[in-house]
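Q: The structure follows.
The values are calculated or read from the model by the stated rules, or taken from the named source; none is laboratory data. Worth saying up front: this structure is predicted, and the values here are computed from it rather than measured. FYI the Cβ positions are ideal-geometry reconstructions off the backbone, even for glycines, and counts take in every protein chain you see.
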DNA sequence: TATTGTTATACTCTATAACTATA
DNA sequence: TATAGTTATAGAGTATAACAATA
């Protein structure tokens, strides 16, 4: 049950990478862009907490995304220890593609599933996130 | 929905590592031991397909597990290109601990869930493994 | 003192390709 | 020719600890 979860993650990350192959993005880059896709500026800590990517890993991810012109880091005037991460126009375009690929996969996978099954899935996944 | 799956994987891998901290095993080592836990000899290809770990990664994983005395590689007399991976007695003991940690986490997570919810979870996870 | 984010180090995991031994 | 598994290389992800700047 737990191992099936891990296999599904492996597999869907692969499917996602294949559908986005032309963008040439690594897993965490895809994840981070999906997280920033709505365009709202965020600190580094926020996507780190949301995705489970460590801050030390995120530094490298953000370096690459910034170098490619997908986002900018600006000092937060309200707290000058932290940044405001903002997607550029090209970054928003790429993030939009990522979001669409994610929802496409979700749609494909859920085609044959009932609402009740989906609810059960959500409940168990939520419970797994609470395990300590 | 898909991102929640990935978060749950991240989180449960973490919980598993924490519960097995004294064993000092990396993620793929845990995964591989869980896969071999029943004691049946296997080729390298089999756990690779079952876990999604690449054969090139598995070589290093098996090297470490062999060096620690948890398994042996023996040439398969029936097909001398391939190995038979067999757990040693210490390897079986460690694999047993891994299995117990996995089932403990599953039990904890499913404590408040109905059979119907679990069935929905299984169905959706299976569907996600079929996405291409 | 605590927090944000970066840097440094060392190790694990992945992708790709080339390689050997065997089938 | 094809398959099982290893090796090599380079990049990506993690853990841990130390650090500067700010709160």
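Q: Checking the structure you have, find out if any residue of region A:26-36 is under 14 Å from the mean Cα position of the chain (by Cα), part of a helix (DSSP H, G or I) and over 19 Å from residue A:99 (Cα atoms).
A: no
Q: A further question on this structure: State the number of residues belonging to region B:63-78 that are within 13 Å of DNA strand C (Cβ to nearest atom) and either within 14 Å of chain A (Cβ to nearest Cβ) or outside any loop (DSSP other than H, G, I, E, B) (or both).
A: Here the count works out to 5.
Q: I'm trying to understand the selection: among the residues of region B:6-21, which are in contact with a helix residue (DSSP H, G or I) (Cβ under 9 Å, 6 or more places away or on another chain) and in a helix (DSSP H, G or I)?
A: If the condition is that a residue be in contact with a helix residue (DSSP H, G or I) (Cβ under 9 Å, 6 or more places away or on another chain) and in a helix (DSSP H, G or I), then B:6, B:7, B:8, B:9, B:10, B:11, B:12, B:13, B:15, B:16, B:17, B:19 are the ones that fit.
Q: Just checking, how many residues over region A:1-24 are free of Cβ contacts under 8 Å to residues at least 40 places away in the same chain and under 19 Å from residue A:94 (Cα atoms)?
A: Residues flagged as free of Cβ contacts under 8 Å to residues at least 40 places away in the same chain and under 19 Å from residue A:94 (Cα atoms) within region A:1-24 amount to 7.
Q: Do we find a residue being modelled with pLDDT of 95 or more, in a loop (DSSP other than H, G, I, E, B) and in contact with a helix residue (DSSP H, G or I) (Cβ under 6 Å, 6 or more places away or on another chain) anywhere in region B:81-104?
A: No: zero hits.
Q: Next up: From A:54, A:122, A:81, grab the single residue that is without any contact (Cβ under 8 Å) to a residue 12 or more places away in the chain, within 12 Å of another protein chain (Cβ to nearest Cβ), within 16 Å of DNA strand C (Cβ to nearest atom) and surrounded by fewer than 19 Cβ atoms within 10 Å (Cβ to Cβ).
A: One residue alone meets the criteria, A:54.
Table: residues versus (1) at pLDDT 95 or above; (2) more than 12 Å from DNA strand D (Cβ to nearest atom); (3) touching a helix residue (DSSP H, G or I) at 6+ places or on another chain (Cβ under 6 Å); (4) over 18 Å from residue B:2 (Cβ atoms).
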{"position": "A:37", "(1), (2), (3), (4)": "no, yes, yes, no"}
{"position": "A:62", "(1), (2), (3), (4)": "yes, no, no, yes"}
{"position": "A:67", "(1), (2), (3), (4)": "no, no, no, yes"}
{"position": "A:119", "(1), (2), (3), (4)": "yes, yes, no, no"}
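So that you can scan it fast, the table gives a plain yes or no per residue for (1) more than 22 Å from residue A:121 (Cα to Cα); (2) away from chain B (no Cβ under 11 Å); (3) touching a strand residue (DSSP E or B) at 6+ places or on another chain (Cβ under 6 Å); (4) modelled with pLDDT of 90 or more:
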position: A:1; (1), (2), (3), (4): no, no, no, no
position: A:5; (1), (2), (3), (4): no, no, no, yes
position: A:10; (1), (2), (3), (4): no, no, no, no
position: A:17; (1), (2), (3), (4): yes, yes, no, no
position: A:23; (1), (2), (3), (4): yes, yes, no, yes
position: A:30; (1), (2), (3), (4): yes, no, no, yes
position: A:34; (1), (2), (3), (4): no, no, no, yes
position: A:43; (1), (2), (3), (4): yes, yes, no, yes
